[in-house]
Structures are given as C-alpha cells and as structure tokens.
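Participant: Below is one structure. I have some questions about it.
Derivation of every value follows stated rules applied to the coordinates shown; laboratory data play no part. Everything numeric here is computed off the predicted structure, so don't read it as measured data. FYI the Cβ positions are ideal-geometry reconstructions off the backbone, even for glycines, and counts take in every protein chain you see.
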C-alpha cells in the first residue's frame, strides 16, 4: 500500500472508531509486558512502540517509570488521542508521526515493540525496508518484540490484507539481523468477543550495523 493511502486509511479508522471498539484494543497488554519484564531493562532504557497509536502500552510504560519512551504511528489522529488521554504525562513521551517505512531514527533503541503492525506489510520490498530500519534502530544485543497474526489468526484486519506468520516463518525473516529468544501463541479477545490468534516473539539484535 502506498504511503499516502496507508495514512488516509488509518486516519479514517481513528477518526471514526473509539478506542474501546478497536479490534486490537487491550485494557492490559499482558504479552507485551511479560516480554518487557523478561528483558530486565533499566528504567532509562530507550523503548519504541511501533504502530503504538493510542494503545495503552505507553500508559503502563510510564506507570512503571520508564523515562525514554517513543511512540511511532502513521496516524496523527491516533497520536493526538493518546496525548489527550495521557494529559500532562504526554510531555514525557517522544511522539513520532511517520510511517515506519519512512522512519529515520535519530536514536538507538534497547527495546523495539510492534504489536500488529508488521503483519500489514505484504510486499517483499516493504518487509525488507522494515527489517533494515529495525536493524539500524536497535542496539547490538537489544530486544525486538513483535506480535503478528498467526497461521490460525485472521486473514484480514480493518479491511486490509495481512500476512500470517508461524514461529518458523517469522524467525526465518528476522534471522539476518535478529536471533530468536522465545515465541508464544496468544489468543486475543476483541471488544466484540471474537478470538484472534497471534504469535508473539522476542528476538535479540545480533549484528553491529
């Protein structure tokens, strides 16, 4: 999908659907927080949530005391909603309005988090672009946590085609730059009551680039 079309699509979604009606909404991002705890990061660690939108992951990061948090999203409306929800605490967050495929990192991150962004990339060139960006963005030995729809999950989301992954297929794609630490299946219950199966994996950066 072209950059402008992607932005328009997600702006329309966020302008018309309340947070608690989003299919991916979680009151507590349990799997993400579990992987974060396993990394034993200091509170000064640099963390980025790719496609974070107005999810509540940032709330939990701030509650835990993390002081170097970046939220990246292609939807300006999503970021505005998150800022409004956080109120004065929003000033503690670095907000980046950008498509991840156009992201030019100025920092290196200790923890790259992506829940349900990567699986929207269905073009081989876009996937390669994403991997190159992640490789440039994560410090050697740093962590990449990614959650995508599994082979048992949906084939579409928000009207868009997605790519389903297994533990093996996502490991193969990330292997040039990242080594698998652990993968777990996760059942997500949507606000409408449907159950969507994800595969969540933690990888560690292996290259020095």
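Participant: Give the residue that is surrounded by the fewest Cβ atoms within 10 Å (Cβ to Cβ), with candidates limited to residues of the range 110-122 that are under 11 Å from residue 48 (Cβ atoms) and either in contact with a helix residue (DSSP H, G or I) (Cβ under 7 Å, 6 or more places away or on another chain) or free of Cβ contacts under 8 Å to residues at least 12 places away in the same chain (or both). Let's see the steps before the verdict.
Facilitator: Of the residues in the range 110-122, the ones under 11 Å from residue 48 (Cβ atoms) are 110-114.
Filter once more, so that each one left must be either in contact with a helix residue (DSSP H, G or I) (Cβ under 7 Å, 6 or more places away or on another chain) or free of Cβ contacts under 8 Å to residues at least 12 places away in the same chain (or both): 111-113.
Working: 111: 24, 112: 26, 113: 26.
Across the range 110-122, the extreme among qualifying residues is 111.
Participant: Right, next: Only one of (1) in a loop (DSSP other than H, G, I, E, B); (2) in contact (Cβ under 8 Å) with a residue 60 or more places away in the chain; (3) within 18 Å of residue 78 (Cα to Cα) is not met by residue 41, so which one is it?
Facilitator: For residue 41, the failing item is (3).
Participant: How many residues does the range 1-31 hold that are surrounded by 15 or more Cβ atoms within 10 Å (Cβ to Cβ) and out of contact with any strand residue (DSSP E or B) (no Cβ under 6 Å at 6 or more places or on another chain)? Walk me through how you get there before you give the answer.
Facilitator: Step one: list which residues in the range 1-31 are surrounded by 15 or more Cβ atoms within 10 Å (Cβ to Cβ), which gives 1, 6-7, 9-11, 13-14, 19, 22-26, 29, 31.
Applying the additional criterion that residues be out of contact with any strand residue (DSSP E or B) (no Cβ under 6 Å at 6 or more places or on another chain) yields 1, 6-7, 9-11, 13-14, 19, 22-26, 29.
Here the count works out to 15.
Participant: Kindly list the number of the only condition in (1) without any contact (Cβ under 8 Å) to a residue 60 or more places away in the chain; (2) over 16 Å from the mean Cα position of the chain (by Cα) that fails for residue 77.
Facilitator: Of everything listed in (1) without any contact (Cβ under 8 Å) to a residue 60 or more places away in the chain; (2) over 16 Å from the mean Cα position of the chain (by Cα), residue 77 misses just condition (1).
Each row is one residue, and each column tells you yes or no for (1) in a helix (DSSP H, G or I); (2) buried (at least 21 other Cβ atoms within 10 Å of the Cβ).
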position: 72; (1), (2): no, yes
position: 79; (1), (2): yes, yes
position: 83; (1), (2): yes, no
position: 87; (1), (2): yes, no
position: 90; (1), (2): yes, no
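Participant: Right, another one. Testing residue 141 on (1) in contact with a helix residue (DSSP H, G or I) (Cβ under 9 Å, 6 or more places away or on another chain); (2) on the phi > 0 side of the Ramachandran plot, one condition comes back false. Which one is that?
Facilitator: Answer for residue 141: the failing condition is (1).
Participant: In the range 181-206, how many residues are part of a strand (DSSP E or B) and within 25 Å of residue 26 (Cα to Cα)? Give the derivation first.
Facilitator: Taking the range 181-206 as the starting set, the residues that turn out to be part of a strand (DSSP E or B) are 181-189, 195-205.
Adding the requirement that they be within 25 Å of residue 26 (Cα to Cα) leaves 181-189, 195-203.
Here the count works out to 18.
Participant: Condition first: touching a residue at least 40 places away in the same chain (Cβ under 8 Å) and touching a helix residue (DSSP H, G or I) at 6+ places or on another chain (Cβ under 6 Å). Now tell me which residues in the range 167-183 satisfy that.
Facilitator: Once the filter is applied, which keeps residues that are touching a residue at least 40 places away in the same chain (Cβ under 8 Å) and touching a helix residue (DSSP H, G or I) at 6+ places or on another chain (Cβ under 6 Å), the range 167-183 yields only 177.
Participant: Something else now. Whether any residue in the range 98-109 is assigned to a strand (DSSP E or B) and crowded, with 21+ Cβ neighbours inside 10 Å is what I want to check. Step through it out loud before you land on a result.
Facilitator: Restricting attention to the range 98-109, the residues satisfying the condition of being assigned to a strand (DSSP E or B) are 109.
In the following step, the residues that additionally are crowded, with 21+ Cβ neighbours inside 10 Å were identified as 109.
Yes: the range 98-109 contains one or more residues that are assigned to a strand (DSSP E or B) and crowded, with 21+ Cβ neighbours inside 10 Å.
Participant: Within the range 127-136, can one find any residue that is out of contact with any helix residue (DSSP H, G or I) (no Cβ under 7 Å at 6 or more places or on another chain), surrounded by fewer than 19 Cβ atoms within 10 Å (Cβ to Cβ) and without any contact (Cβ under 8 Å) to a residue 12 or more places away in the chain?
Facilitator: Yes; the residues of the range 127-136 include at least one that is out of contact with any helix residue (DSSP H, G or I) (no Cβ under 7 Å at 6 or more places or on another chain), surrounded by fewer than 19 Cβ atoms within 10 Å (Cβ to Cβ) and without any contact (Cβ under 8 Å) to a residue 12 or more places away in the chain.
Participant: Which ones in the range 37-57 are farther than 20 Å from residue 194 by Cβ, in contact with a strand residue (DSSP E or B) (Cβ under 7 Å, 6 or more places away or on another chain) and buried (at least 16 other Cβ atoms within 10 Å of the Cβ)?
Facilitator: 39, 41, 45, 46, 47, 48, 49, 50, 51, 52, 57
Participant: Taking the range 132-168 as the search range and keeping residues that are farther than 30 Å from residue 17 by Cβ and outside any strand (DSSP E or B), which one is farthest from the chain's Cα centre (by Cα)?
Facilitator: Restricting attention to the range 132-168, the residues satisfying the condition of being farther than 30 Å from residue 17 by Cβ are 132, 135-136, 138-143, 167-168.
Keeping just the survivors that are outside any strand (DSSP E or B) gives 132, 135-136, 167-168.
On the way: 132: 16, 135: 15, 136: 16, 167: 17, 168: 20 Å.
So, considering only residues that are farther than 30 Å from residue 17 by Cβ and outside any strand (DSSP E or B), the one farthest from the chain's Cα centre (by Cα) is 168.
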